[in-house]
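None of the figures in this text is laboratory data; all of them are computed from the coordinates on show. Here the structure is a predicted model, which is why all the values come from computation and not from measurement. Here Cβ is always computed from backbone atoms with ideal geometry, including for glycine, and neighbour counts include all displayed protein chains.
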Amino acid sequence: MVIEFAIYFLAAFFEILGCYSFWMVFKLEKSSFWLFLGVISLILFAYLLTKINLEFAGRAYAIYGGIYIISSLAWLFFVEKQAFNKWDIIGSLVVFTGICIILFGNQKAISNI
C-alpha cells in the first residue's frame, strides 16, 4: 500500500512538473528548454500510472485525481511559496476522504468475492 501511494505521489510530481514547465514557457516567457523537460516529465507521469496495482484504469485514475489535488496544493506551498487558505485545507480533507472511500471500499469488495 505504501508503495502504491509513493507511485501516485511520484506520478503527480511529474505531471505537475510537466504542466508547470509549459506554464513557465507560455505564461512566464521562460526558455523553450522547459518544453523538453515538460514532455519528458509527462511521459514519466503516464508510465508511472501503469505501475499501479489495480485491475481497472478508471479506478486508478479516480484515486490519482485526489492525490493530484493534494500534490498540487503541496506544489503551491513549496514551489510557488503561497500559503494555504481554509478552503484549500477543507477541500483537501474532502478529497482525502474520497480517496480512502474508493481505495479501501473496493479492497473490501474484492476480498468478498
* Would you mind finding the longest exposed-site-free stretch of the chain, with exposed trypsin sites (Lys or Arg not before Pro) meaning DSSP loop and at most 15 other Cβ atoms within 10 Å? => 82-113
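Percentage of Cα-Cα pair distances in the stretch 41-93 greater than 12 Å, rounded to whole percent?
Here the long-distance tail beyond 12 Å is 70 percent of all Cα pairs in the stretch 41-93.
Cα gyration tensor of the stretch 1-63, axes a ≥ b ≥ c as square roots of the eigenvalues: rounded (a/c below 1.5), prolate (a/b > b/c) or oblate? Please list the in-between numbers first.
On the way: a/c = 2.97, a/b = 2.86, b/c = 1.04.
Cα axes put the stretch 1-63 in the prolate bin.
Which value at 222 nm does the chain reach when only helices count, each DSSP H run of 4 or more adding -39,500 (n - 2.57), with the total divided by all residues and rounded to the nearest 500 deg cm²/dmol? Present the calculation step by step, with values, prior to reporting the outcome.
Details: 4 runs with 90 residues, N = 113.
Value at 222 nm, helices only, nearest 500: -28000 deg cm²/dmol.
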* **q = 0.13, 0.15, 0.19, 0.22 Å⁻¹: log10 I(q)/I(0) that the Debye formula gives for the stretch 10-113, counting C-alpha atoms only** => -0.58, -0.73, -1.01, -1.16
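So how do 39-47, 14-22 stack up, highest first, on mean other-Cβ count within 10 Å? Please list the in-between numbers first.
Values: 39-47: 15.4, 14-22: 19.4.
Most protected by this proxy first, the peptides run 14-22, 39-47.
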* Under 16 Å from Lys27, Cα to Cα: aspartates and glutamates that are on another chain or at least 8 residues apart -> Glu80
